[in-house]
């Protein structure tokens with residue numbers, strides 16, 4: 001597929017942490033914790049919001065008076081699936097966060113959709129030069145050749161929701177390991193021992209959730225059973241078909257399901273119902289991401305929440321930081337997930 005570019009917006013400068021600290025009446029270390037999403041257990045929500053309000057005010061002043069020394073124009077590279085809310089609501093929300101922050105910062109934004117062909121890396125790099133792009137966000141794109149080219153070009157770059165594989169590149173992503181542990185440990189705490197995991201081996205982030213699933217079981221003295229891992233594409237339709245077949249063939253007994261994302265949980269919910277199994281009476285169900293529709297399912301879905309819109313917005317701010325300080329050490333920033341308890345899980349046995 002030929003990539004296409006779409007544009008909007010303009011730019012800003014890096015906000016100095018000392019300036020934020022002075023205006024907010026807090027220490028520089030407090031500002032640093034807020035900007036690096038490390039407030040849990042240390043900083044109250046009131047202080048966090050005070051710091052973020054000051055940051056926003058300073059950025060608005062910089063844009064108003066034209067005092068900009070940051071980026072003029074950034075590009076967001078995505079896959080076709082990443083921009084389709086029906087196929088990938090999580091990444092669509094990350095995209096929403098990027099667009100919103102670019103608008104707030106008055107930064108021009110271009111984005112390009114790419115397929116899986118590795119030869120497109122050189123094409124995209126040519127487009128970047130033609131459009132005078134001075135910063136790049138890569139959303140769930142595991143193209144090592146492209147990453148190396150961007151590093152060689154000394155172009156400020158942030159990788160979103162993927163693994164840089166030891167390349168020195170800023171990376172922003174959810175803490176997939178912690179999220180997986182939260183989900184499985186919650187099911188274990190409810191008495192479940194036979195937990196089916198619906199996952200997909202194609203992406204590193206999803207494999208990390210599977211590794212957390214296995215680790216949580218072993219930490220609780222439960223042997224990992226490969227028969228309780230269903231590998232399938234994580235869209236609702238494919239999960240629906242695969243789980244119906246799994247149940248019909250009586251491949252393995254289970255009392256709960258941990259789905260690697262909420263889209264998979266939607267497909268699983270239908271498959272369970274059509275197989276005569278009630279959620280949560282017969283099978284408990286937990287997802288991952290907390291997409292908008294999760295709260296409106298029947299029953300409402302218990303899931304692991306990731307602040308996906310904030311992830312996209314913070315990546316834009318991180319790109320501004322990288323442009324202002326290109327020689328700083330690479331950043332690996334993981335967003336802490338939280339468990340959202342609704343009605344799709346109940347204790348076992350009832």
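What Kirkwood Rh does the stretch 176-306 have if only Cα atoms enter the pairwise 1/r average? Answer in Å.
14.2
Under 18 Å from a point placed 7 Å out from the Cα of residue 194 along the Cα-to-Cβ direction: which residues of the stretch 334-350 have their backbone N that close?
What the label zone holds, given the 18 Å backbone N cut-off, is 346-350.
Zone of residue 152 (label point 7 Å along Cα→Cβ, backbone N under 19 Å): which residues in the stretch 317-350?
No residue passes the distance filter.
So between residue 324 and residue 144, what do we pick up on full extension, going 0.36 nm a residue minus the alpha carbon distance?
Between residue 324 and residue 144, full extension yields an extra 62.3 nm.
Between residue 38 and residue 331, how many nm apart are label points set 7 Å from Cα along the C-beta direction?
Each label point lies 7 Å from its Cα, and together they span 1.2 nm.
Can you give the helix-only mean residue ellipticity at 222 nm for the chain, where every DSSP H stretch with n ≥ 4 adds -39500 (n - 2.57) and the sum goes over all residues, rounded to the nearest 500 deg cm²/dmol?
The helix-only estimate for the chain comes to -13500 deg cm²/dmol at 222 nm.
Separation between the residue 281 and residue 49 pseudo-spin-labels, each 7 Å from Cα along Cα→Cβ, expressed in nm?
Between residue 281 and residue 49, the label points sit 4.2 nm apart.
Sticking with the crude label model, points 7 Å out along Cα→Cβ, report the distance from residue 233 to residue 274 in nm, one decimal please.
The modelled label-to-label distance comes out at 1.7 nm.
If you stretched the chain out fully between residue 211 and residue 343, how much longer would it get, using 0.36 nm times the residue separation minus the C-alpha to C-alpha distance? Display every interim value, and only then the final one.
Working: separation 132, 0.36 × 132 = 47.52 nm, distance 2.58 nm.
So the extension gain works out to 44.9 nm.
Nearest 5 percent is fine: what portion of the DSSP beta bridges confined to the chain is antiparallel?
15
Readers should treat all values here as calculations from the given coordinates under stated rules, not as data from a laboratory. Worth saying up front: this structure is predicted, and the values here are computed from it rather than measured. Here the Cβ is made from the backbone with ideal geometry for all residues, glycine too, and neighbour counts use every protein chain on show.
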